[in-house]
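Report on one structure; see the data block that follows.
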Amino acid sequence: MKEVHVAVGVVRQGNRILIARRPDEAHQGGLLEFPGGKVEPGERVQQALVRELDEEVGIHIAEGDLQPVIGIRHDYGDKRVFLDVWETVRFEGEPHGREGQPVQWLALDALSDDDFPAANRPIIRALRLPHQYPITGGAGLDGGALVAQTCRHLAELSPSICLFRAPWLSREAYLDAAGQLLDWCSARSIRLMLHGDPTLLESVPAAGIHLPWRVAGQLDTRPLASSGLLGVSCHQVDELAHAARLGADFATLGPVARTASHPDAAPMGWARFTDLVATATVPVYALGGLALNHVNQARKAGAQGVAGIGMWWRN
(Lines give C-alpha, C1' and ligand atoms only; values in the text may rest on other atoms or scores of the structure.)
Protein backbone atom coordinates (compact mmCIF):
# COMPACT_ATOMS: atom_id res chain seq x y z
CA MET A 1 0.00 0.00 0.00
CA LYS A 2 1.41 3.39 -1.02
CA GLU A 3 2.13 5.91 1.72
CA VAL A 4 0.65 9.39 1.25
CA HIS A 5 2.97 12.23 2.32
CA VAL A 6 0.85 14.98 3.88
CA ALA A 7 2.07 18.42 4.93
CA VAL A 8 0.24 19.54 8.07
CA GLY A 9 0.19 23.12 9.34
CA VAL A 10 -0.21 24.20 12.95
CA VAL A 11 -1.02 27.91 12.78
CA ARG A 12 -0.84 29.56 16.20
CA GLN A 13 -2.33 32.80 17.39
CA GLY A 14 -1.37 33.11 21.05
CA ASN A 15 -2.81 30.01 22.72
CA ARG A 16 -5.25 29.39 19.88
CA ILE A 17 -4.82 26.96 16.98
CA LEU A 18 -6.40 27.25 13.53
CA ILE A 19 -8.63 24.20 12.96
CA ALA A 20 -10.74 23.08 9.98
CA ARG A 21 -13.50 20.50 9.68
CA ARG A 22 -13.25 17.73 7.09
CA PRO A 23 -16.09 17.50 4.53
CA ASP A 24 -18.64 14.81 5.40
CA GLU A 25 -17.93 12.91 2.17
CA ALA A 26 -14.14 12.86 2.70
CA HIS A 27 -12.05 10.15 4.37
CA GLN A 28 -12.66 10.55 8.14
CA GLY A 29 -15.40 13.03 7.18
CA GLY A 30 -16.89 15.34 9.78
CA LEU A 31 -13.85 15.29 12.06
CA LEU A 32 -11.65 18.25 12.88
CA GLU A 33 -8.18 18.56 11.35
CA PHE A 34 -5.15 20.78 11.11
CA PRO A 35 -5.03 22.37 7.63
CA GLY A 36 -2.67 21.00 5.00
CA GLY A 37 -2.56 18.63 2.09
CA LYS A 38 -0.57 16.21 -0.06
CA VAL A 39 3.04 16.93 -0.93
CA GLU A 40 3.37 16.83 -4.71
CA PRO A 41 6.24 14.92 -6.41
CA GLY A 42 9.44 16.97 -6.33
CA GLU A 43 7.97 19.39 -3.79
CA ARG A 44 9.55 20.10 -0.41
CA VAL A 45 7.21 19.84 2.55
CA GLN A 46 7.64 23.53 3.36
CA GLN A 47 6.72 24.46 -0.20
CA ALA A 48 3.67 22.23 -0.03
CA LEU A 49 2.53 23.80 3.22
CA VAL A 50 2.89 27.36 1.90
CA ARG A 51 0.78 26.36 -1.11
CA GLU A 52 -1.83 24.39 0.83
CA LEU A 53 -2.42 27.05 3.50
CA ASP A 54 -2.99 29.60 0.74
CA GLU A 55 -5.32 27.32 -1.21
CA GLU A 56 -7.25 25.98 1.78
CA VAL A 57 -7.54 28.83 4.27
CA GLY A 58 -6.31 31.91 2.40
CA ILE A 59 -3.28 32.79 4.50
CA HIS A 60 0.25 33.50 3.36
CA ILE A 61 3.29 32.25 5.22
CA ALA A 62 7.03 32.24 4.57
CA GLU A 63 8.92 28.95 4.48
CA GLY A 64 11.49 30.36 6.90
CA ASP A 65 8.81 30.89 9.54
CA LEU A 66 7.96 27.19 9.70
CA GLN A 67 9.34 25.05 12.54
CA PRO A 68 9.10 21.22 12.74
CA VAL A 69 6.65 19.73 15.23
CA ILE A 70 6.43 15.96 14.66
CA GLY A 71 6.31 13.34 11.93
CA ILE A 72 3.70 10.58 12.24
CA ARG A 73 3.20 7.43 10.19
CA HIS A 74 -0.27 5.94 10.56
CA ASP A 75 -2.02 2.97 8.96
CA TYR A 76 -5.80 3.40 8.77
CA GLY A 77 -6.20 -0.05 7.23
CA ASP A 78 -7.44 1.34 3.92
CA LYS A 79 -4.86 4.10 3.77
CA ARG A 80 -1.31 4.79 5.03
CA VAL A 81 -0.22 8.36 5.67
CA PHE A 82 2.91 10.21 6.77
CA LEU A 83 1.89 13.41 8.52
CA ASP A 84 4.78 15.89 8.29
CA VAL A 85 3.78 18.53 10.83
CA TRP A 86 5.16 22.09 10.97
CA GLU A 87 4.06 25.16 12.89
CA THR A 88 4.13 28.92 12.48
CA VAL A 89 3.08 31.95 14.50
CA ARG A 90 3.50 34.36 11.58
CA PHE A 91 1.03 34.67 8.72
CA GLU A 92 -0.73 37.25 6.58
CA GLY A 93 -4.40 37.30 5.73
CA GLU A 94 -7.65 36.41 7.48
CA PRO A 95 -8.18 32.62 7.65
CA HIS A 96 -11.34 31.38 5.95
CA GLY A 97 -12.45 28.15 4.31
CA ARG A 98 -11.68 28.72 0.63
CA GLU A 99 -13.10 25.28 -0.24
CA GLY A 100 -16.28 25.81 1.76
CA GLN A 101 -15.02 24.04 4.88
CA PRO A 102 -15.68 25.58 8.30
CA VAL A 103 -12.56 26.95 10.03
CA GLN A 104 -12.19 28.24 13.58
CA TRP A 105 -9.66 29.19 16.23
CA LEU A 106 -9.67 26.78 19.17
CA ALA A 107 -7.79 27.06 22.45
CA LEU A 108 -5.10 24.40 22.80
CA ASP A 109 -6.79 23.03 25.92
CA ALA A 110 -10.05 22.64 23.98
CA LEU A 111 -8.60 20.17 21.45
CA SER A 112 -10.11 16.75 22.14
CA ASP A 113 -8.80 13.44 20.78
CA ASP A 114 -12.27 12.23 19.89
CA ASP A 115 -12.85 15.18 17.54
CA PHE A 116 -9.80 14.36 15.36
CA PRO A 117 -8.70 11.43 13.19
CA ALA A 118 -6.54 9.00 15.15
CA ALA A 119 -3.39 10.00 13.26
CA ASN A 120 -3.79 13.60 14.46
CA ARG A 121 -3.81 12.78 18.15
CA PRO A 122 -0.02 12.71 18.67
CA ILE A 123 0.02 16.24 17.22
CA ILE A 124 -2.16 17.40 20.11
CA ARG A 125 0.25 15.72 22.56
CA ALA A 126 3.24 17.43 20.96
CA LEU A 127 1.61 20.86 21.06
CA ARG A 128 0.91 20.53 24.78
CA LEU A 129 4.44 19.46 25.69
CA PRO A 130 7.41 21.80 26.14
CA HIS A 131 10.73 21.41 24.34
CA GLN A 132 12.68 20.85 27.58
CA TYR A 133 12.06 17.95 29.96
CA PRO A 134 14.36 18.35 33.01
CA ILE A 135 15.05 15.31 35.20
CA THR A 136 16.26 15.67 38.77
CA GLY A 137 19.79 14.68 39.81
CA GLY A 138 21.34 14.71 43.27
CA ALA A 139 22.17 11.00 43.47
CA GLY A 140 22.64 9.91 47.08
CA LEU A 141 20.99 12.92 48.71
CA ASP A 142 18.40 12.27 51.40
CA GLY A 143 14.83 13.40 50.79
CA GLY A 144 15.09 16.77 52.54
CA ALA A 145 18.30 17.82 50.82
CA LEU A 146 17.00 16.59 47.45
CA VAL A 147 13.80 18.61 47.77
CA ALA A 148 15.78 21.73 48.67
CA GLN A 149 18.15 21.34 45.70
CA THR A 150 15.32 20.54 43.32
CA CYS A 151 13.38 23.64 44.30
CA ARG A 152 16.47 25.80 43.90
CA HIS A 153 17.21 24.44 40.42
CA LEU A 154 13.57 24.66 39.33
CA ALA A 155 13.42 28.29 40.47
CA GLU A 156 16.39 29.03 38.20
CA LEU A 157 15.11 27.14 35.14
CA SER A 158 11.35 27.81 35.50
CA PRO A 159 10.25 24.83 33.36
CA SER A 160 6.62 23.89 32.75
CA ILE A 161 7.28 20.22 33.59
CA CYS A 162 9.82 18.23 35.59
CA LEU A 163 10.53 14.56 36.26
CA PHE A 164 11.32 13.71 39.89
CA ARG A 165 13.68 10.73 39.67
CA ALA A 166 15.33 9.36 42.84
CA PRO A 167 15.72 5.55 42.61
CA TRP A 168 18.07 5.49 45.64
CA LEU A 169 15.30 6.60 48.01
CA SER A 170 12.97 4.14 49.72
CA ARG A 171 9.37 4.25 48.55
CA GLU A 172 8.33 5.99 51.77
CA ALA A 173 11.08 8.61 51.51
CA TYR A 174 10.36 9.16 47.81
CA LEU A 175 6.64 9.71 48.43
CA ASP A 176 7.35 12.12 51.27
CA ALA A 177 9.73 14.15 49.09
CA ALA A 178 7.36 13.99 46.11
CA GLY A 179 4.52 15.33 48.24
CA GLN A 180 6.60 18.32 49.30
CA LEU A 181 7.69 18.97 45.71
CA LEU A 182 4.14 18.71 44.41
CA ASP A 183 2.99 21.50 46.74
CA TRP A 184 5.92 23.68 45.67
CA CYS A 185 5.49 22.96 41.95
CA SER A 186 1.70 23.37 41.95
CA ALA A 187 2.06 26.89 43.35
CA ARG A 188 4.30 27.73 40.37
CA SER A 189 2.34 25.95 37.60
CA ILE A 190 5.06 23.31 37.12
CA ARG A 191 3.73 19.87 36.23
CA LEU A 192 5.52 17.30 38.38
CA MET A 193 6.04 13.81 36.94
CA LEU A 194 6.77 10.87 39.23
CA HIS A 195 9.18 8.10 38.26
CA GLY A 196 8.69 4.35 38.69
CA ASP A 197 5.62 2.42 39.78
CA PRO A 198 2.25 3.83 38.55
CA THR A 199 0.74 3.19 42.01
CA LEU A 200 2.82 6.10 43.32
CA LEU A 201 0.10 8.37 41.94
CA GLU A 202 -2.37 6.92 44.45
CA SER A 203 -0.42 8.64 47.23
CA VAL A 204 0.85 11.74 45.43
CA PRO A 205 -1.54 13.05 42.73
CA ALA A 206 1.12 14.45 40.42
CA ALA A 207 0.67 15.35 36.73
CA GLY A 208 1.64 11.84 35.65
CA ILE A 209 4.10 8.99 35.79
CA HIS A 210 7.27 8.27 33.85
CA LEU A 211 7.93 4.55 33.49
CA PRO A 212 11.45 3.14 33.29
CA TRP A 213 11.59 0.43 30.63
CA ARG A 214 11.83 -2.35 33.23
CA VAL A 215 8.32 -1.32 34.35
CA ALA A 216 6.83 -0.38 30.98
CA GLY A 217 7.98 -3.62 29.37
CA GLN A 218 5.84 -5.63 31.81
CA LEU A 219 2.61 -3.77 31.04
CA ASP A 220 0.00 -4.51 28.38
CA THR A 221 -2.33 -1.55 28.88
CA ARG A 222 -2.14 2.10 29.88
CA PRO A 223 -1.75 2.15 33.67
CA LEU A 224 -3.46 5.47 34.40
CA ALA A 225 -6.41 7.58 33.33
CA SER A 226 -6.23 9.59 30.13
CA SER A 227 -6.16 12.81 32.17
CA GLY A 228 -2.68 12.00 33.49
CA LEU A 229 0.55 12.17 31.51
CA LEU A 230 2.38 8.93 30.73
CA GLY A 231 6.05 8.92 29.74
CA VAL A 232 8.19 5.89 28.90
CA SER A 233 11.98 5.51 28.77
CA CYS A 234 13.01 3.82 25.51
CA HIS A 235 16.25 2.77 23.86
CA GLN A 236 15.19 0.74 20.79
CA VAL A 237 12.59 0.76 18.04
CA ASP A 238 10.49 -2.03 19.56
CA GLU A 239 10.35 -0.15 22.86
CA LEU A 240 9.02 2.95 21.11
CA ALA A 241 6.32 0.80 19.50
CA HIS A 242 5.41 -0.68 22.88
CA ALA A 243 5.18 2.79 24.41
CA ALA A 244 2.70 3.74 21.69
CA ARG A 245 0.62 0.60 22.37
CA LEU A 246 0.48 1.55 26.05
CA GLY A 247 -0.98 4.91 25.08
CA ALA A 248 2.07 6.87 26.20
CA ASP A 249 1.85 10.63 25.78
CA PHE A 250 5.59 10.80 25.08
CA ALA A 251 8.84 8.85 25.32
CA THR A 252 12.49 9.56 25.96
CA LEU A 253 15.09 7.95 23.70
CA GLY A 254 18.82 7.67 24.21
CA PRO A 255 21.54 7.97 25.00
CA VAL A 256 22.23 10.17 22.01
CA ALA A 257 25.69 11.13 23.28
CA ARG A 258 27.93 9.80 26.02
CA THR A 259 26.59 10.69 29.45
CA ALA A 260 28.12 10.79 32.92
CA SER A 261 25.01 9.27 34.51
CA HIS A 262 25.30 6.11 32.34
CA PRO A 263 29.00 5.94 31.34
CA ASP A 264 28.78 2.33 30.12
CA ALA A 265 25.90 2.97 27.69
CA ALA A 266 27.01 3.23 24.06
CA PRO A 267 25.69 6.45 22.47
CA MET A 268 23.53 6.04 19.37
CA GLY A 269 24.42 9.38 17.77
CA TRP A 270 22.08 11.75 15.94
CA ALA A 271 21.82 9.70 12.73
CA ARG A 272 20.56 6.59 14.53
CA PHE A 273 18.33 8.70 16.77
CA THR A 274 16.74 10.31 13.71
CA ASP A 275 16.06 6.91 12.14
CA LEU A 276 14.43 5.58 15.32
CA VAL A 277 12.28 8.67 15.87
CA ALA A 278 10.98 8.35 12.30
CA THR A 279 9.27 5.11 13.38
CA ALA A 280 7.62 6.61 16.47
CA THR A 281 3.97 7.60 16.73
CA VAL A 282 4.39 9.54 19.99
CA PRO A 283 6.44 12.67 20.75
CA VAL A 284 10.03 11.70 21.63
CA TYR A 285 12.59 13.58 23.72
CA ALA A 286 16.28 13.16 22.93
CA LEU A 287 18.14 12.03 26.06
CA GLY A 288 21.75 11.55 27.08
CA GLY A 289 24.74 13.89 27.08
CA LEU A 290 22.78 16.86 25.73
CA ALA A 291 22.50 20.52 26.72
CA LEU A 292 19.57 22.90 26.65
CA ASN A 293 20.99 24.49 23.50
CA HIS A 294 20.55 21.17 21.65
CA VAL A 295 16.79 21.77 21.37
CA ASN A 296 16.90 22.99 17.76
CA GLN A 297 19.15 20.13 16.68
CA ALA A 298 16.83 17.65 18.40
CA ARG A 299 13.75 19.11 16.73
CA LYS A 300 15.39 18.95 13.31
CA ALA A 301 16.03 15.25 14.04
CA GLY A 302 12.29 14.77 14.64
CA ALA A 303 12.28 15.06 18.44
CA GLN A 304 9.95 16.99 20.69
CA GLY A 305 13.02 18.47 22.38
CA VAL A 306 15.67 17.43 24.90
CA ALA A 307 15.50 15.70 28.28
CA GLY A 308 18.18 15.09 30.84
CA ILE A 309 19.82 15.70 34.19
CA GLY A 310 23.20 17.27 33.46
CA MET A 311 21.73 19.83 31.06
CA TRP A 312 20.33 21.82 34.00
CA TRP A 313 21.35 20.19 37.29
CA ARG A 314 24.50 21.37 39.05
CA ASN A 315 25.29 20.08 42.53
Which percent, to the nearest 5, of DSSP beta bridges fully inside region 1-129 are antiparallel? 70 percent
Quick one: how many Å² of Phe34 are accessible to a 1.4 Å probe, rounded to 10? 10 Å²
Tensor-based shape of region 265-315 (alpha-carbon gyration tensor, a/c under 1.5 rounded, otherwise prolate or oblate): prolate
First compute the accessible area of the chain with a 1.4 Å probe, then give the percent of it belonging to carbon and sulfur atoms. 49 percent
So, counting K/R as plus one and D/E as minus one, what does the shell of residues with Cβ under 11 Å around Val50 add up to? -4
So what's the projected area for the chain, the Cα convex hull averaged over all directions, in nm²? 16.7 nm²
Tell me which aspartates and glutamates have Cα within less than 15 Å of Lys2's Cα, excluding those fewer than 8 residues away on the same chain? Glu40, Asp75, Asp78
What ³J(HN,Hα) values, in whole Hz, does the Karplus curve 6.51 cos²θ - 1.76 cosθ + 1.60 give for region 107-117 when θ = phi - 60°, with x put for Gly and Pro? 5, 3, 5, 8, 6, 10, 3, 5, 8, 10, x
At 1.4 Å probe size, put Arg125, Arg80 in order of accessible surface, largest to smallest. Arg80, Arg125
Set the Förster distance to 22 Å, then compute FRET efficiency between Asn315 and Ser203 from the Cβ-Cβ distance, nearest 0.05. 0.20
So for R0 = 45 Å, FRET eff. of Val89-Trp168 from the Cβ-Cβ r, to 0.05, ends up at 0.60
Given the chain, what percent of its DSSP beta bridges are antiparallel, to the nearest 5? 40 percent
Amide H of Ile70: which non-local residues (sequence gap of 5 or more, or other chain) have their own amide H closer than 5 Å, using H built in the peptide plane? Val85
Binned at 10 Å starting from 0, the alpha-carbon pair-distance distribution of region 162-287 in whole percents comes out as 13, 40, 34, 12, 0
If each residue of separation counts as 0.36 nm, what is the full-extension length gain between Glu63 and Gln218 once their alpha-carbon separation is subtracted? 51.4 nm
How many percent of DSSP beta bridges within region 51-197 run antiparallel, rounded to 5? 65 percent
Dimensionless Rg/Rh of region 6-102 - Kirkwood Rh, Rg from C-alpha atoms: 0.94
Those residues of region 37-78 whose amide nitrogen sits under 16 Å from the label point placed on Gln101, 7 Å along Cα→Cβ: 37-40, 48-60
The answer for the net charge of residues other than Phe273 whose Cβ lies under 14 angstrom from its Cβ, with Lys and Arg +1 and Asp and Glu -1, is +2
13 Å reach of a label modelled at Asp24, 7 Å along Cα-to-Cβ, counting backbone N of region 87-120: none
Rounded to one decimal in nm, the spacing of the 7 Å Cα→Cβ label points at Leu292 and Arg16 is 3.2 nm
Using a Förster distance of 41 Å, how high is the FRET efficiency between Lys2 and Gln236, based on the Cβ-Cβ distance and rounded to 0.05? 0.90
Per residue of region 253-266, in order, report the coupling 6.51 cos²θ - 1.76 cosθ + 1.60 (Karplus, θ = phi - 60°) as ³J(HN,Hα) in whole Hz, putting x for Gly and Pro. 9, x, x, 6, 10, 5, 10, 5, 6, 9, x, 8, 7, 6
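The values are calculated or read from the model by the stated rules, or taken from the named source; none is laboratory data. The structure presented is a predicted model; accordingly, all values stated were derived computationally and were not measured. For neighbour counting, all protein chains shown are included, and Cβ atoms are generated from backbone atoms with ideal geometry for every residue, glycine included. The protein model used for the area step is the full one, side chains on, heavy atoms only, and it has no ligands, DNA or RNA in it. Shrake-Rupley method; radii C 1.70, N 1.55, O 1.52, S 1.80 Å.
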